[in-house]
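A short worksheet on the structure shown next.
Quick note: the coordinates plus some simple rules give every number you see, no bench work behind them. Model, not experiment: these values are computed from the prediction. Glycine also receives a Cβ, built like all others from the backbone with ideal geometry; neighbour counts cover every protein chain displayed.
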Amino acid sequence: MNPKPCYRHLDRPIVALWGLEPADLFAIFGCAVVLMIVGNIAIGLLGGVLVGLGLKALKAGKPRGYVFSLFYRSGFLRFVPTPLRPPWLVIPPGFGPRDRVLRFSPAPGPEDNDTPEARYYRGQKEVLR
């Protein structure tokens, strides 16, 4: 039995050709546009090429979500605005000493919804009561 190609994956040629996902291409384009606005066209194009090569080298041979896990473990994800942050994440580690202790209740009650951990975990979603 011959496998049939799945036409739902329109980004597969881009991923197979350059090893970058469509979101990475938008990041490269965004960096190039910002550099063009700040500097000139040559600086923007060179910066876009360098960002693309850097992303390709960073993601070479790594699984999907590797760059996101780097941002999460480094603590940079704490500063992402709530609408852009994926919901249902545990608070990432901070930049300071790693003495932060999360406390989770085995029998959750209404007072557990107001803790910083619960607010970060939910994002903008409300808990049904």
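Points worth noting:
- Chymotrypsin sites (Phe, Trp or Tyr not before Pro) within the stretch 58-88, DSSP loop, no more than 14 other Cβ atoms inside 10 Å: Trp88
- Per-residue Karplus couplings for the stretch 35-44, computed as 6.51 cos²θ - 1.76 cosθ + 1.60 with θ equal to phi - 60°, are listed in order as 5, 5, 5, 6, x, 10, 5, 5, 5, x Hz, Gly and Pro entered as x.
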